[in-house]
Every structure is written in structure tokens, then in C-alpha cells.
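Structure first, then comments.
The values are calculated or read from the model by the stated rules, or taken from the named source; none is laboratory data. Just so it is clear, the model here is predicted, and its values are computed rather than measured. Each accessible area value is taken on the protein alone, full model and side chains, heavy atoms only, with ligands, DNA and RNA left out. Shrake-Rupley method; radii C 1.70, N 1.55, O 1.52, S 1.80 Å.
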Amino acid sequence: MATQAGASSRSRSKFELYMWFFTRVSGVLMLLFGAYSIIYANLMGGRGLMDAGAQTRWAFFPISFHVSSSKVEMTPNFQNAFWQFYALLLFAFAATHGTNGIRVILKDYVRSPILLAWLNALLLLVWLGVMAAAVYLLFVAQGVA
């Protein structure tokens, strides 16, 4: 019986270690993705044509209705497979990073194991819903052209 409890806590601690590592790596990757997006926006002609807010919106979400009256070439509705995959990765890292942060906060403050299990299940459902919405918006929805 003691070996099962030890194995369970070891697997749980490995999960916690992996999620701790993921949080650090995803944070760095999100910074690099954001820097690449802003640099790309400047290289594509955004410098001097848009204010900082419009440039940031274009860099992270290159959809035609985000930037009006500019000479920057747009990729309408993420038709380019590279930008679809790039946006999905960025969104997946951000959503998972944030969800893991909320999970850790819940673990720190919720003392009832049953309530914690229910809240974690709810958090997982919300994460799955958000990811499904992101996939729908990036790959299925046509948006405004």
C-alpha cells in the first residue's frame, strides 16, 4: 500500500515539475513570438504608417479589418497556413500558460480536495472551450473581408 502512495505522489510531482518547466518555456516563447510579430510588422512596412496600437494589433492578429487605411499588405482571415499555425501556437501557449497559473492558484487556496477536483475539471472544460473557439476562429470562420 505504501508503494502505491509513493508512486502516486511521484507521478504527481513529475506533472508539477513538467508544468513548472512548461510555464517558464512558454513565457519565453510568447515573448519571442511577440517580438517576431512586431519586427515582421515593421519589416512589412508598418513603420510610420500606423500608430503603435494599430501596429501591435496587426502584428498579433493580421486580419484586414484590424488595420484600415494603411499600405501594409494584409493576409485576410489568416488564409496563409504559416500565420494560422503561428497564431494557434501563440494562442495555445498563452491559454495553457494562463490556465496553469489559475490551476496553481486554486491548488494554493482551495483546501477541500473534492472542491479542488471540481474546480480543476471546470477549468479544463473552459480551457478546452477556449481552444476550440480559437481553432474555429483561425481555421473555419471567414470573418469580414
To the nearest 10 square angstrom, what accessible area does Phe21 show with a 1.4 Å probe? 120 Å²
Can you give me the solvent accessible area of Leu125 with a 1.4 Å probe, rounded to the nearest 10 Å²? 110 Å²
Suppose accessible area is computed on protein heavy atoms with a 1.4 Å probe; arrange Val140, Val130 from highest to lowest. Val140, Val130
Enter the accessible area of Tyr36 (Å², nearest 10), with the probe set to 1.4 Å and all protein chains included. 100 Å²
Along region 23-37, Karplus-curve 3J(HN,Hα) (6.51, -1.76, 1.60; θ = phi - 60°) to the nearest Hz, with x for Gly and Pro, reads 4, 5, 5, 5, x, 5, 5, 5, 4, 5, 4, x, 4, 4, 4
